[in-house]
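Here the structure comes first, spelled out in structure tokens, and everything after it is commentary.
The values are calculated or read from the model by the stated rules, or taken from the named source; none is laboratory data. Since the structure is predicted, the reported quantities are computational estimates derived from the model, not experimental observations. Positions of Cβ are generated from backbone atoms using ideal geometry, with glycine treated the same way; all protein chains shown enter the neighbour counts. SASA here: full protein model, heavy atoms, side chains in, ligands and nucleic acids out. Shrake-Rupley method; radii C 1.70, N 1.55, O 1.52, S 1.80 Å.
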Amino acid sequence: MPTHYQAASEGRHFVERFGIGCPSALAVVRPGEQGVFVRRPRADRLGSKVAGRFEAAAGRWGLIPLFSPDGADLLTHEAHAETAAAERNFLQPWKRGHRCVVLADTLFHSGGDGKAVIGVTRYDGQPLALAGLWNGWRSPTGQCVESFALLTLGTPARRNAVILPDAWVDDWLHCAVEETASFLRPFTDDQLVQRHSGAMLAR
């Protein structure tokens, strides 16, 4: 499963791909930390005016379910694409079509020995478009706290984040809920570059 990611370092990627600005965020994001995700505009903010097709939001990497009493849920940074539609933690975001995209220059995951780290990038240097689910949770004090999870595919021993081809990003964010699963496929390996290094764990 992903252990952390290097957020897209250039704001132009948000302008070129989505026509939007990007909130300030951490350069390296780990579970439980704040990251930036792109979604279609929240319906409860649209009012009667037509909004753009996309908006960027900042939220915790680790989706907070609606039923959470305190927002301290653990191990919700990863949603298994094969079962998320039926899992208690992710059922409501899935049904509501709360899909998002996280732009990352590099995605890191453990090499399996507890020390080595594998960094995955695109061969052309463009950011990875990682598929995710987002949620807005109301805290006991009335504050709306936003959060997200990355979708993964694979086996119990090896989970890989779902990387969307560029041509799929718009459709992923705006498709009907019934079409969600059709976008959750492995990315073509020949378009990715992997680097193995223990040093990558450093910020």
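Looking at the calculated P(r) for the chain, what percent of the C-alpha pair distances fall above 28 Å?
Beyond 28 Å sits 22 percent of the P(r) for the chain.
Write down the percent of antiparallel bridges among all DSSP beta bridges whose residues are both part of region 1-147, to the nearest 5.
95 percent
Report the longest stretch of the chain that contains none of the chymotrypsin sites (Phe, Trp or Tyr not before Pro) sitting in a DSSP loop with at most 15 other Cβ atoms within 10 Å.
Free of exposed loop sites, the longest segment is 124-203.
For region 4-84, take N as its residue count and report Rg(C-alpha) divided by 2.2 N^0.38 Å.
Compactness ratio reported: 1.25.
In deg cm²/dmol, rounded to 500, what helix-only [θ] at 222 nm does the chain give when every DSSP H run of at least 4 residues adds -39500 (n - 2.57) and the total is split over its residues?
-2000 deg cm²/dmol
As a test of reading the structure, rank 141, 106 by solvent-accessible area (1.4 Å probe, protein chains only), most first.
The ordering from most to least exposed comes out as 141, 106.
Stokes-Einstein diffusion coefficient for region 107-186 at 4 °C in a medium of 1.567 mPa s, Rh from the Kirkwood formula over Cα pairs: what value in µm²/s?
For the chosen part, D equals 86 µm²/s.
Long-range amide H contacts for residue 9: which residues qualify at under 5 Å (H placed 1.01 Å from N, peptide plane, sequence gap of 5 or more or a different chain)?
105
Need the C-alpha centroid separation for region 50-110 versus region 125-203, integer Å.
Centre-to-centre distance over Cα atoms comes out at 9 Å.
So which trypsin sites (Lys or Arg not before Pro) in region 67-104 are both in a DSSP loop and have at most 15 other Cβ atoms within 10 Å of their Cβ?
Qualifying residues, ordered by number: 88, 96.
What area, in nm² and to one decimal, does the C-alpha convex hull of region 47-112 cast on average over all directions?
Reported value for the Cα convex hull: 7.1 nm².
Pick from 68, 182, 147 the residue whose mean-square fluctuation is largest in a GNM of the chain, springs joining Cα atoms under 10 Å.
Of 68, 182, 147, the most mobile in the Gaussian network model is 182.
With charges set only on the Cβ (+1 for Lys and Arg, -1 for Asp and Glu), what does the dipole of the chain come to about its Cα centre, in debye to the nearest 20?
Using Cβ point charges on Lys, Arg, Asp and Glu, the chain gives about 400 debye.
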